[in-house]
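K.L.:
Here it is: the structure, laid out below.
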Amino acid sequence: MKPRSIDKSYNAIQKCLQILSIFSLDKAQFSIKEICEQLNFNLSTTYRILQTLEEYGYVSRLKNKEYVVGTQALYLSAIYTQSNHLEQIRPIVDRIRDMSGETASFFVEEEDKRICLYRAHSRDEIRHNIEQGSRLELNQGASGRIILAYGKRKNDKQGFYKDIRDKGYYLSINEHNAALFALAVPVVSNSDKFVGAIVVSGPISRFDDKQKITLLNLLIDQLKNIVMP
């Protein structure tokens with residue numbers, strides 16, 4: 001039988017993670033009352049946990065007494081980037097945006113979702129808007145198809161995902177959004193490990209067969225600059 005102290009510690013850790021998980025791009029600030037209501041926590045427990053999270057830099061308390069994610073999250077992000085050899089991806093995403101004029105992104109898989117790790121928005125007013133950090137469905141969009149083709153469906157010997165691997169790219173038109181196109185290619189390490197998908201996307205009004213060839217050549221050319229163990 002586990003000691004009650006272990007159960008209490010586990011419960012406290014779980015509550016900490018639940019609090020951190022409610023912050024999002026859509027809602028980045030919470031009052032303590034909102035946190036209690038959303039998670040069904042009592043006030044005293046929530047206050048103690050927030051004090052601890054603030055002490056360690058995981059949340060910050062604003063002058064209006066609402067809470068936001070703290071700077072420790074940024075430090076952990078830097079560790080994640082370095083430990084996964086992703087620091088070279090950011091400048092390549094920026095370069096693809098600059099050379100194509102369209103939005104460029106880098107997606108990875110996590111818990112059956114595709115996560116936008118890096119995003120360089122087109123400077124054009126008409127553009128594809130998804131923010132960095134967004135969690136999207138895996139079975140939609142060009143990046144999702146690439147992630148599945150080189151991930152969970154990599155052993156398919158025939159069919160849709162085998163065709164994607166044979167081509168080495170996936171073009172999405174009117175799939176996730178009727179007004180957008182997205183062209184994605186896989187990022188593969190030197191040891192043949194699939195890392196993620198680089199995508200260039202924008203309004204369908206700026207896309208045609210000639211643009212497809214231009215963008216595909218740009219993506220393939222930029223992949224040569226990625227060196228991962």
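The values are calculated or read from the model by the stated rules, or taken from the named source; none is laboratory data. This is a predicted model, so every value here is computed, not measured. When we count neighbours, we look across all protein chains shown, and the Cβ atoms used for this are built from the backbone with ideal geometry, even at glycine.
K.L.:
Which members of region 43-67 meet the condition of being buried (at least 16 other Cβ atoms within 10 Å of the Cβ) and aliphatic (A, V, I, L, M)?
P.N.:
Ile49, Leu50, Leu53, Val59
K.L.:
Now a separate question. Does region 76-88 contain any residue that is in contact with a Pro (Cβ under 9 Å, 6 or more places away or on another chain), within 30 Å of Val227 (Cα to Cα) and at pLDDT below 95?
P.N.:
Scanning region 76-88 turns up at least one residue that is in contact with a Pro (Cβ under 9 Å, 6 or more places away or on another chain), within 30 Å of Val227 (Cα to Cα) and at pLDDT below 95.
K.L.:
How many residues does region 112-127 contain that are exposed (fewer than 15 other Cβ atoms within 10 Å of the Cβ) and within 13 Å of the chain's Cα centre (by Cα)?
P.N.:
Selection size over region 112-127: 1.
K.L.:
When you check Gln88 against the structure, is it surrounded by fewer than 18 Cβ atoms within 10 Å (Cβ to Cβ) and not assigned by TED's automatic domain parsing to the domain that holds Asp192, yes or no?
P.N.:
So Gln88 fails the test.
K.L.:
Same structure again: Being loosely packed, with under 13 Cβ neighbours inside 10 Å and closer than 29 Å to Leu136 by Cβ, is that true of even one residue in region 101-111?
P.N.:
There is at least one residue in region 101-111 that is loosely packed, with under 13 Cβ neighbours inside 10 Å and closer than 29 Å to Leu136 by Cβ.
K.L.:
Then there is this: Could you run through region 16-36 and say how many residues are touching a residue at least 40 places away in the same chain (Cβ under 8 Å), in a loop (DSSP other than H, G, I, E, B) and out of contact with any strand residue (DSSP E or B) (no Cβ under 7 Å at 6 or more places or on another chain)?
P.N.:
Residues that pass the stated criteria total 1.
K.L.:
Of the numbered conditions (1) in a helix (DSSP H, G or I); (2) crowded, with 19+ Cβ neighbours inside 10 Å; (3) at pLDDT below 95, Ser205 fails exactly one; give the number of that condition.
P.N.:
All conditions are met except number (2).
K.L.:
So Ala178 clears everything in (1) surrounded by 13 or more Cβ atoms within 10 Å (Cβ to Cβ); (2) in a loop (DSSP other than H, G, I, E, B); (3) assigned by TED's automatic domain parsing to the domain that holds Gly151; (4) of a type in the set (A, V, I, L, M, F, W, C) except one condition, right? Which one?
P.N.:
Only one criterion is unmet by Ala178, namely (1).
K.L.:
In addition: Identify, from the list Glu111, Glu131, Glu137, the residue that is touching a Leu at 6+ places or on another chain (Cβ under 6 Å), within 29 Å of Gln29 (Cβ to Cβ) and of a type outside the set (Gly, Ala, Ser).
P.N.:
Glu131
K.L.:
Scan Ile147, Ile79, Ile130 and give me the residue that is over 17 Å from Tyr170 (Cα atoms), surrounded by 15 or more Cβ atoms within 10 Å (Cβ to Cβ) and not hydroxyl-bearing (Ser, Thr, Tyr).
P.N.:
None of the others qualify; the one that does is Ile130.
K.L.:
Checking Val68 against (1) among the aliphatic types (A, V, I, L, M); (2) under 30 Å from Ala120 (Cα atoms); (3) outside the structural domain of Ser134 (by TED's automatic domain parsing); (4) part of a helix (DSSP H, G or I), only one condition comes out false. Which one?
P.N.:
All conditions pass for Val68, except number (4).
K.L.:
Further question: Going through Arg114, Arg123, Arg145, Arg119 one at a time, which residue ends up being in a helix (DSSP H, G or I) and either under 24 Å from Phe23 (Cβ atoms) or not polar (S, T, N, Q) (or both)?
P.N.:
Arg145
K.L.:
Still on this model: Can we say Ala73 is surrounded by 13 or more Cβ atoms within 10 Å (Cβ to Cβ), out of contact with any Pro (no Cβ under 8 Å at 6 or more places or on another chain) and more than 30 Å from Cys116 (Cβ to Cβ)?
P.N.:
So Ala73 fails the test.
K.L.:
For the structure I just gave you, tell me whether Phe194 is under 16 Å from Phe106 (Cα atoms) and touching a helix residue (DSSP H, G or I) at 6+ places or on another chain (Cβ under 9 Å).
P.N.:
In short, yes.
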